[in-house]
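Let me begin by presenting the structure, written as structure tokens, before commenting on it.
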Amino acid sequence: MLKRVLIFLLFNLPLVYLGAQDSIQIARLDSPIQNTQEVDLSPKNLLDSLANSDNIRLYFFRNEAVINVIESEKPFESSRDLPLLKAIQLRKQPREAWKFWILLLNLLFLALIRLIHIKRFDEIIQSAFNLQADFSQYTDKVGTYVASHTGLFVNFIIAVSFFISNLLSINHQLEQSNYYGFFIQLSIGLFLLYLGKITLNLFIGYLFKVKQMSSVIIFNALVLNNVLGVVLVFLNLFFVFVNEPVIVNIIASISIITILISVIYRQVKNILMISQYTKLQFIYIFLYLCCLEILPWLVLFKVFLNSW
């Protein structure tokens, strides 16, 4: 009897096991919670691990996970598109109409001085090239000569101030948004500077009893500056209305050379006229001119060359 039981269990045990397995699979299918992903429960060997690309990237590209984390943690940066061509606005050019009106008024003012006193105007121009210290012709009609000299001196201030303002604006040597205001300030500054210079010459001449020498220096300064102002008016016309850069540079160079020649010629004329009009020694005349005439111009040109 025992032998029969053992033989029955030996043959029927695998069938019982298979039935249990089938019941387990049916229970899994009938359960409400089902896994959508199939789990591969087969044993893995080395070749299976190498065949899986996720494992390869995990072992050989360890920094990839770190980089992905860093990229995900970066703040969102919105890219800024460049403006279209239609959206770009050109910079507004400063208005240059004031140059035309200043030149027009300067020409009309010079023509008015010439028409009112034609003879005196011509005599003042000729006296710039006369090296004789003869003031007798000026004592006859002092009022007429004073009016002509004053008008031409104002014309000189306007012409020089306009030339300097235009030169600085073209070469961009001075940061100014309004060169018309700079022109007005420069004109007032030059007028006050020359007024102070004339006053200083008269004071030194009275203090050191060299009135004749100071009178010659003031006379030559007024006459030569007045002639220089007439020349600069016409040079300013070409300097403003010529569009070629090469020609503009040539005109600017001619204007600067004209000013330099005028300054040098004035000092030579001062020495010659003072020598024949007074009995002072040359060393005193030279020291006087160096202090009040030559040194200020040297400082001015040094500042101009440094800003070039």
Inset, instruction - Give me the distance in nm between label points sitting 7 Å out from Cα along the Cα-to-Cβ direction at L260 and S177, one decimal. - result: 3.7
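What number in nm² do you get for the range 97-306 if you take the convex hull of its Cα atoms and divide its surface by four?
Numbers: hull surface 49.3 nm².
Result: a mean projected hull area of 12.3 nm².
Calculate, for Q126 and V303, the FRET efficiency according to 1/(1 + (r/R0)^6) with r their C-beta to C-beta distance and R0 30 Å; round to the nearest 0.05.
Numbers: r = 34 Å, r/R0 = 1.14.
Taking R0 as 30 Å, the efficiency between Q126 and V303 is 0.30.
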Legend entry - Under Karplus coefficients 6.51, -1.76 and 1.60, residue-wise ³J(HN,Hα) of the range 220-235 in Hz, glycine/proline x: 5, 5, 5, 5, 5, 5, 5, 5, 4, x, 5, 5, 5, 4, 6, 5
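Pull out a ≥ b ≥ c, the square roots of the eigenvalues of the alpha-carbon gyration tensor of the range 234-283, then state rounded if a/c is under 1.5, prolate if not and a/b is larger than b/c, and oblate in the remaining case.
On the way: a/c = 8.40, a/b = 4.18, b/c = 2.01.
Prolate shape, in that a/c is at least 1.5 and a/b is the bigger ratio.
When ranked by the protection proxy of mean other Cβ atoms within 10 Å per residue, highest first, what sequence do the peptides 150-161, 237-248, 202-213 form? Please list the in-between numbers first.
Working: 150-161: 20.9, 237-248: 13.0, 202-213: 14.7.
Taking the mean over residues of other Cβ atoms within 10 Å, the ranking is 150-161, 202-213, 237-248.
Lysine pairs in the range 97-306 with alpha-carbon atoms under 19 Å apart, 8 or more places apart or on different chains: how many are there?
On the way: K119/K141; K197/K209; K197/K211; K197/K269; K209/K279; K211/K269; K211/K279; K269/K279.
Qualifying lysine pairs in the range 97-306: 8.
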Inset, instruction - Along Cα→Cβ, 7 Å out, is where each label goes; now give me the distance between the ones at L108 and F208 in nm to one decimal. - result: 4.6
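Mind giving me the FRET efficiency for L287 and I218? R0 is 22 Å, r the Cβ-Cβ distance, nearest 0.05 is fine.
Calculated value: 0.80.
Normalised by the number of residues in the range 97-306, what is the relative contact order in percent for Cα pairs under 8 Å and 6+ residues apart?
On the way: 139 pairs, mean separation 55.0, N = 210.
Contact order relative to length: 26 percent.
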Inset, instruction - Could you check the simple spin-label distance between T278 and V242, using points 7 Å along Cα→Cβ, in nm with one decimal? - result: 4.1
Legend entry - Karplus-derived HN-Hα couplings along the range 118-128 (A = 6.51, B = -1.76, C = 1.60, θ = phi - 60°), whole Hz, x at Gly and Pro: 5, 5, 5, 4, 5, 5, 5, 5, 5, 5, 5
Legend entry - Calculated from backbone phi, Karplus (6.51, -1.76, 1.60) coupling profile of the range 154-171 in Hz, x at Gly/Pro: 5, 4, 5, 4, 5, 5, 5, 5, 5, 5, 5, 5, 5, 5, 5, 6, 6, 7
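Values in this text are rule-based calculations from the coordinates and carry no lab data. Predicted, not measured: the structure shown is a model, and the values here were computed from it. Cβ: placed from backbone, ideal geometry, glycine included. Neighbour counts: every protein chain shown.
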